[in-house]
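Accompanying notes for the structure given below.
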Amino acid sequence: MTSVGYLPILIFILIALAFPFIAFFLAWFIRPNRPEAVKLERYECGIESSGEVWGRYSVQYYVIAVLFLIFDVETVFLFPWAVRYDALGLFGLIEMGIFILILVVAYAYAWKKGALEWA
Amino acid sequence: MQGFDASVFLRSLVWLKPELFLALLGFVLLGLSAALPEGKRRYVGLVALIGLAIAAVVVSSYAPGFPLGGPKIAPGTAQGGFPDGAGHPGFLADGFAIVLKLVFLLGAALCVLMAVRFLDVEKAQRGEFYAMVVFAVLGMSILASGNDFVTLYLGLETMALAVYTLVGFLRASRRSTEAALKYFLLGAFASGILLYGMSLVYGATGSYNLEGIAAAIASGTAGPRPLLHVGAVLVLVGMAFKIAAVPFHMWAPDAYEGAPTPVTGFISTAAKAAGFAMLLRIFFRGFWGLAADWTLLLAVLSAASMTFGNVVAVLQDNVKRMLAYSSIGHAGYMLLGLIAVGSSGGDPLTQRYGMTAVVLYLLVYTFANMGAFGTIVLLRRGSVPGDRVEDFRGLAGTYPVAAAAMTVFLLSLAGIPSTAGFIGKWWLFGAAIKADQAWLAVVAVLNSAISLYYYARIVAAMYMTAPEETRPEPAPAGLRAALAISLVFTVWIGIYPQPFIRFAQYALWPIGR
């Protein structure tokens, strides 16, 4: 194997390295620049922020967030199935039933374990 | 993919029986652990044990000559399911998958047997432990059968997520959580490298199926060769992280030391075997056409792992850490078998020898290493961590049988004749010599001699110092069973290995196809 054969790899690596710089440069070049004090404030759901960033909150927040995320993603899978229901037919219905059943078991487990009780 | 054929999918499910059963078992265990009251959680372990035994029967039912019905797989042939657009199966059912799945189930069963007592001592008796062990075995089983990058990666992550949880299972212990975090971060990093390598290979060959990749390499239609090479090297790096080969081993000592001891045994045997299964599949099926290139890389990894692992193990005072470094060394030994196949130059006899050696050693190592960690579990009580060399002082006086068993396990790990380790190393080193890699065999033998020194330190502590306590509590039944099984098989394989060699040879598949 001659080193010439590895030229594409070198080019590949150079492009990969340059890519973030190019992207940031382009963004800086194209975007309008209107600095404002509000923009420097911390983000909090889009409403006016209250309290410190380093404030403590219940670890249960994470459990609820993870559960929410799972069911959020579930709908992502439900949508394409609903759109293509004609093509997937009974097979798709059973598959989706199994999928939801698995999530329901997990939900029942979390419920029983007290993950939904706010202590 | 052109069109989805439900009938093909349903027919493929027949090869997925063990995995479906394991998934169901995991859910049942999760449900039980939520439903049962605190005091009865230990029974989840019992259910897990019975479930793993049934899973072993389901896996074995594919073997010819097994009394139960269902489709059979003759030695050297492969059945596949879930084909991709080109008709290459995504999921393989062959002798290799069956043998490896049995090894995983064995490691899991031994881990569960030990864990029942260990979790009592740690006051962490929660049923989720057993469910996670089962989910980890599910991932490993998918890994052993995977024939394309997607299936393999799915299995790898299923296993890894369960194992991260197991390593950090002792939530109150700083060491356990630290180990889990380190293991998770480096594992995720390694997965990233692996995926990047896979994407480059896909880019170069136009297929993510191992057979498709092999076909593209063989016919010369694989795109730019260097791209393929870089992809293969990145895949190898990712895999080396998973099997903890030097220089990608740095997570292993911390993770092994901090993890609950039964889990340490589990990840050093079953999870390592799963890593080797993936390595064998990818490199013997997918990258076989590049064997001349990757064999040298493997030889470097192997020599470095053997030497570094064994030399650093000499310096350790913590037995779990010592066994972690010894486990790095053993990964180096096992790579010898792969190197032998890779440098065989198409000689089927050498290929068979190398493959048999790897599979046999995975089995041998499971018994010896699980046994050694089982003895550490035995020593764990109250305020005694049980994993320091001092904790082994005078064990011959307090637990004479356990001390004798530990001696056998350590001699087996060192490879002393009449133990299983000797047979395993005989095959591995023999494979290296057969494939004209005698220098690697010399390195391996020298390292075995070094390893004898630190194994002997533990034996000396057990037999040559007086016991510190006089009235030992009796060992619980589960742990006793685990130690007895490990001991019986370590001695049995050492004295009469033929049935186990035949077992390992069932795993052979025609390499290069």
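So that you can scan it fast, the table gives a plain yes or no per residue for (1) over 30 Å from A:Gly92 (Cβ atoms); (2) basic (Lys, Arg):
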{"site": "B:Ala23", "(1), (2)": "no, no"}
{"site": "B:Lys40", "(1), (2)": "yes, yes"}
{"site": "B:Val57", "(1), (2)": "yes, no"}
{"site": "B:Pro67", "(1), (2)": "yes, no"}
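Residue count for segment B:1-25, restricted to those that are part of a helix (DSSP H, G or I) and either more than 10 Å from chain A (Cβ to nearest Cβ) or of a type in the set (Ser, Thr, Tyr) (or both): 16.
Here B:Arg171 meets each of (1) buried (at least 23 other Cβ atoms within 10 Å of the Cβ); (2) within 14 Å of chain A (Cβ to nearest Cβ) with one exception, condition (1).
Might you check whether a residue that is closer than 22 Å to B:Gly139 by Cα, of a type in the set (S, T, N, Q) and not in a helix (DSSP H, G or I) occurs anywhere in segment B:40-61?
Filtering segment B:40-61 down to residues closer than 22 Å to B:Gly139 by Cα leaves B:44-61.
If we keep only those that are of a type in the set (S, T, N, Q) too, we end up with B:60-61.
Filter again for not in a helix (DSSP H, G or I), leaving B:61.
Yes: segment B:40-61 contains one or more residues that are closer than 22 Å to B:Gly139 by Cα, of a type in the set (S, T, N, Q) and not in a helix (DSSP H, G or I).
Considering only residues in segment A:64-119 that are of a type in the set (Phe, Trp, Tyr), within 13 Å of chain B (Cβ to nearest Cβ) and closer than 25 Å to B:Ala35 by Cα, the one that is surrounded by the most Cβ atoms within 10 Å (Cβ to Cβ) turns out to be A:Tyr109. Only a single item in (1) of a type in the set (Gly, Ala, Ser); (2) touching a Pro at 6+ places or on another chain (Cβ under 6 Å); (3) at pLDDT 95 or above is not met by B:Ala115, and it is number (3). Note on segment B:124-157: residues that are closer than 22 Å to B:Leu46 by Cβ and not in a helix (DSSP H, G or I) amount to 4.
The set of residues in segment B:386-407 that are out of contact with any helix residue (DSSP H, G or I) (no Cβ under 6 Å at 6 or more places or on another chain) and crowded, with 17+ Cβ neighbours inside 10 Å comprises B:Arg388, B:Gly394, B:Gly397, B:Thr398, B:Tyr399.
Listed residues A:Leu26, A:Leu17, A:Leu40; which is away from chain B (no Cβ under 14 Å), at pLDDT below 85, out of contact with any Leu (no Cβ under 8 Å at 6 or more places or on another chain) and over 30 Å from A:Ala106 (Cβ atoms)? Full working, then the answer.
Working: A:Leu26 fails: at pLDDT below 85; A:Leu17 fails: at pLDDT below 85.
Of A:Leu26, A:Leu17, A:Leu40, the one residue that is away from chain B (no Cβ under 14 Å), at pLDDT below 85, out of contact with any Leu (no Cβ under 8 Å at 6 or more places or on another chain) and over 30 Å from A:Ala106 (Cβ atoms) is A:Leu40.
Looking at B:Ala218, B:Ala252, B:Ala291, can you tell me which residue is within 16 Å of the chain's Cα centre (by Cα) and more than 14 Å from every other protein chain (Cβ to nearest Cβ)?
Numbers: B:Ala218 fails: within 16 Å of the chain's Cα centre (by Cα); B:Ala291 fails: within 16 Å of the chain's Cα centre (by Cα).
Result: B:Ala252 is the single residue among B:Ala218, B:Ala252, B:Ala291 that is within 16 Å of the chain's Cα centre (by Cα) and more than 14 Å from every other protein chain (Cβ to nearest Cβ).
Evaluating B:Thr158 against the criteria (1) at pLDDT 95 or above; (2) more than 24 Å from B:Gly192 (Cα to Cα) leaves one unmet condition, (2). Hey, can you tell me all the residues within segment B:84-123 that are crowded, with 19+ Cβ neighbours inside 10 Å and either in contact with a Cys (Cβ under 8 Å, 6 or more places away or on another chain) or not in a helix (DSSP H, G or I) (or both)? Answer for segment B:84-123, where residues must be crowded, with 19+ Cβ neighbours inside 10 Å and either in contact with a Cys (Cβ under 8 Å, 6 or more places away or on another chain) or not in a helix (DSSP H, G or I) (or both): B:His88, B:Pro89, B:Gly90, B:Phe91, B:Leu92, B:Ala93, B:Asp94. Scanning segment B:76-97 for residues being more than 21 Å from B:Leu10 (Cα to Cα) and of a type outside the set (S, T, N, Q) gives a total of 3.
Would you say B:Pro71 is away from chain A (no Cβ under 14 Å), over 26 Å from B:Phe276 (Cα atoms), more than 25 Å from the chain's Cα centre (by Cα) and modelled with pLDDT of 85 or more? Show your work before the answer.
Numbers: away from chain A (no Cβ under 14 Å): yes; over 26 Å from B:Phe276 (Cα atoms): yes; more than 25 Å from the chain's Cα centre (by Cα): yes; modelled with pLDDT of 85 or more: yes.
Taking the combined requirement at face value, the residue satisfies it.
Those helices (runs of 4 or more DSSP H) of segment B:247-351 in which at least 3 residues are under 22 Å from B:Val443 (Cβ atoms), considering only elements entirely within it, cover B:272-281, B:291-313, B:319-342. Taking the conditions (1) modelled with pLDDT of 90 or more; (2) within 11 Å of chain A (Cβ to nearest Cβ) in turn, B:Ala34 satisfies each one other than (1).
Output the residues belonging to segment B:221-249 that are more than 14 Å from chain A (Cβ to nearest Cβ) and without any contact (Cβ under 8 Å) to a residue 40 or more places away in the chain.
Residues of segment B:221-249 more than 14 Å from chain A (Cβ to nearest Cβ): B:221, B:235-249.
Matches in segment B:221-249: B:Thr221 only.
The values are calculated or read from the model by the stated rules, or taken from the named source; none is laboratory data. Predicted, not measured: the structure shown is a model, and the values here were computed from it. We place every Cβ from the backbone using ideal geometry, glycine too, and count neighbours over all the protein chains shown.
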